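*Asks:* To start, I am sharing the structure in question, which I have written as structure tokens.
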Amino acid sequence: MVDRIMKVNAYTTFDLLDGEVEGHGFEEEALAVLNVTAPRKNPDHITLQLEMDNTQLESVTPHADTVTLSAEQARELAAELETYAEKVESAQSE
């Protein structure tokens, strides 16, 4: 990815996912970086960041989206991910 906003290295959570950008009148696909972090000193939140490969997008300017979660919100998200992961695994094993 050229002109990256996020720092991507060996510690990045997911560095090449299939992504999709959807807006009014457009829909584009691109590789994406997804990262989860917390401050090293005195952590008080979890940060979830997503950046799409801007070399593959025409309708969106280069940017990264960030969401800040509390520990409780991160656990709720993790539980939802587990629920849907089980549904997908169950459907694939049938």
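*Asks:* Quick one: count up the residues across region 10-23 that are more than 14 Å from the chain's Cα centre (by Cα) and within 19 Å of Pro62 (Cα to Cα).
*Replies:* Qualifying residue count for the region: 2.
*Asks:* In addition: Any residue at all in region 30-52 that is touching a residue at least 40 places away in the same chain (Cβ under 8 Å) and out of contact with any helix residue (DSSP H, G or I) (no Cβ under 7 Å at 6 or more places or on another chain)?
*Replies:* yes
*Asks:* Shifting gears a bit: For region 9-29, name all the residues that are touching a residue at least 12 places away in the same chain (Cβ under 8 Å) and of a type in the set (Ser, Thr, Tyr).
*Replies:* Correct list: Thr12, Thr13.
*Asks:* All but one of (1) over 22 Å from Thr55 (Cβ atoms); (2) surrounded by 12 or more Cβ atoms within 10 Å (Cβ to Cβ) hold for Val21; state the number of the condition that does not hold.
*Replies:* Among (1) over 22 Å from Thr55 (Cβ atoms); (2) surrounded by 12 or more Cβ atoms within 10 Å (Cβ to Cβ), the lone unmet condition for Val21 is (1).
*Asks:* Name the single residue, out of those in region 49-78 being over 13 Å from the mean Cα position of the chain (by Cα) and of a type in the set (Ser, Thr, Tyr), that is nearest to Leu16 (Cα to Cα).
*Replies:* Out of the qualifying residues, it is Thr55.
Coordinate-derived values only; no laboratory data. Everything numeric in this text was worked out from a predicted model, so none of it was measured. FYI the Cβ positions are ideal-geometry reconstructions off the backbone, even for glycines, and counts take in every protein chain you see.
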